[in-house]
Structure formats: C-alpha cells, structure tokens
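Structure, as structure tokens:
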Amino acid sequence: MITMENIIRDGHETLRNKAEEVKLPISTEDKTTLDEMLEFLKNSQDETIAKKYGLRSGVGLAAPQINVSKKMLAVYIQDDSKGNSIELQLVNPKIVSHSVQKAYLPGGEGCLSVDESKPGLVHRNYKVTIEAFDIDGTPFKKRFKGYPAIVLQHEIDHLNGVMFYDYINQNDPFKPLDDAVEVN
Ligand code: K2U
Ligand code: NI
C-alpha cells in the first residue's frame, strides 16, 4: 500500500518534470500502480486507516507524486450531500476545452507533496472537458465544473511539472480575479 513515505516532496526533480505518455495497452504494472493510487486516496479519507498509517487526506494523486513519471492520476471525491462520489483512474489525460470563466477555492490549495502552507488563491478554469483513457484502455471524455474541475486541473498540472503555488499572486495572494467564481 502507498503511504506518506512513498510520496515525494517539493524539491524532488520528478515533480518538475513532464511525465511520459503511458504506452497502450496499459501494462499490468501501470494498472497496479493506478489501483494503489486510488486505494491510497480512499485510505487517506478513512479516519481509522489514515490515523493508523499517518496518512494526509487527499482527493487526488498523480503518479509523479510517487516518483512514477507517467501521465496517470487518480481522483476520489466523496459528495455526502448528494451521496454520489467521483472515482477516477485516468491515463494520458488532457484538457481539450475549458471555460473562459475562472474559479478558485477561497482557502487556497494544498498538496500532498508540499509540507508547508502556501497561502493564496489559485485561479483555475471553472469548467474543463477532459479526454483520457480509463484503466481498461477505454477512451474517456467528460466535462467537469467547480470543485472536481479544480482537483483535476491540480492533478494534471502534476503531470506537467506545475505546482499549485506557481499561480499565487505574491503581491496580493488573496485578491480574487474579476468575475472568478468562489468554489465551496
Ligand atoms: O495532488 C495532491 O497533492 C492532492 C491535493 C489535491 C488538491 C486538489 C485541489 C485543491 C487542493 C488540493 C490535496 O492533497 S487534496 C487535500 C484535500 C483533501 C480534502 C479536501 C480538500 C483538499
Ligand atoms: Ni498536489
């Protein structure tokens, strides 16, 4: 199982590299890695397991964060209000279109690979359309908005060597862009 020891931290060169496209058909090894990434997210959101193994809660994880420089990511977002959850294991994901409108989390963002706080707003696209392949190699295309869209952009950034704090306006970190949507 993946634990925090497997997650590389800011300063490790892999976090600033562009990850490699995954060769299709997806190998057994890459499928296992994707399953372990999703398992980590579920474990990290289980109070008992997270406490037992000292896991930081995460809703997304990109393969470079476990020092696997491949274009693979997992997302696990539980939406208790409506009972549905978002569970994704994506290979070679790309944003094929996005809204003009921007969005941000009012409290800023964090990252499992960044131990210290980096206060400030991260403006992202409010809506994105993602094309990818799923773990079975089936083509995937879906539009996301709001929080899931923010999480996916954070993870896809990891595949391109971009960190969330790269976007923070150091002169006025909590100044929202005009017309940007606050996402809660
Ligand atoms: O990539 C990662 O390090 C996981 C990030 C994902 C993230 C996406 C969007 C905005 C902030 C972070 C975090 O660890 S997830 C942490 C977290 C957990 C529960 C709810 C919100 C954020
Ligand atoms: Ni991150």
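The values are calculated or read from the model by the stated rules, or taken from the named source; none is laboratory data. Please read these numbers as outputs of a predicted model, since none were measured by experiment. Because the Cβ atoms are built from the backbone with ideal geometry, glycine has one as well, and the counts that use them run over all protein chains shown. All accessible areas refer to the heavy atoms of the entire protein, side chains included, with ligands and DNA or RNA removed. Shrake-Rupley method; radii C 1.70, N 1.55, O 1.52, S 1.80 Å.
Looking at the range 135-142, is at least one residue within 15 Å of ligand 1 (Cβ to nearest atom), at pLDDT 95 or above, closer than 22 Å to residue 18 by Cα and open to solvent by less than 40 Å² (accessible area, probe 1.4 Å)? Reasoning before the result, please.
Initially, the range 135-142 is screened for residues within 15 Å of ligand 1 (Cβ to nearest atom), giving none.
Checked against the condition, which is being within 15 Å of ligand 1 (Cβ to nearest atom), at pLDDT 95 or above, closer than 22 Å to residue 18 by Cα and open to solvent by less than 40 Å² (accessible area, probe 1.4 Å), the range 135-142 yields no hits at all.
If you check 68, 75, 122 for being part of a loop (DSSP other than H, G, I, E, B), within 16 Å of ligand 2 (Cβ to nearest atom), farther than 18 Å from residue 165 by Cβ and under 17 Å from the mean Cα position of the chain (by Cα), only one passes: 68.
Only a single item in (1) farther than 23 Å from residue 5 by Cβ; (2) more than 16 Å from ligand 2 (Cβ to nearest atom) is not met by residue 105, and it is number (2). Per the listing 132, 103, the residue uniquely of a type in the set (A, V, I, L, M), in contact with a Phe, Trp or Tyr (Cβ under 6 Å, 6 or more places away or on another chain), more than 28 Å from residue 20 (Cα to Cα) and assigned to a strand (DSSP E or B) is 103. Applying the selection to the range 111-164, what residues are among the β-branched types (Val, Ile, Thr) and free of Cβ contacts under 8 Å to residues at least 24 places away in the same chain? Listed by number, the residues that qualify are 138, 162. Within the range 169-183, can one find any residue that is under 24 Å from residue 14 (Cα atoms), within 16 Å of ligand 1 (Cβ to nearest atom), surrounded by 13 or more Cβ atoms within 10 Å (Cβ to Cβ) and among the aliphatic types (A, V, I, L, M)? Looking for residues that are under 24 Å from residue 14 (Cα atoms), within 16 Å of ligand 1 (Cβ to nearest atom), surrounded by 13 or more Cβ atoms within 10 Å (Cβ to Cβ) and among the aliphatic types (A, V, I, L, M), one finds none in the range 169-183, hence no. Residues that are more than 11 Å from ligand 2 (Cβ to nearest atom) and more than 19 Å from residue 67 (Cα to Cα) were ranked within the range 154-168; the one that is least open to solvent (accessible area, probe 1.4 Å) is 168.
Evaluating residue 57 against the criteria (1) touching a residue at least 24 places away in the same chain (Cβ under 8 Å); (2) in contact with a helix residue (DSSP H, G or I) (Cβ under 6 Å, 6 or more places away or on another chain) leaves one unmet condition, (1).
Against the conditions (1) in a strand (DSSP E or B); (2) surrounded by fewer than 20 Cβ atoms within 10 Å (Cβ to Cβ); (3) in contact with a helix residue (DSSP H, G or I) (Cβ under 9 Å, 6 or more places away or on another chain), residue 93 satisfies every one except (2). In this structure, residue 30 does not qualify as in contact (Cβ under 8 Å) with a residue 24 or more places away in the chain, in contact with a strand residue (DSSP E or B) (Cβ under 9 Å, 6 or more places away or on another chain), loosely packed, with under 14 Cβ neighbours inside 10 Å and assigned to a helix (DSSP H, G or I).
Just one of the numbered conditions (1) farther than 17 Å from residue 114 by Cβ; (2) open to solvent by less than 50 Å² (accessible area, probe 1.4 Å) is not true of residue 64: (1).
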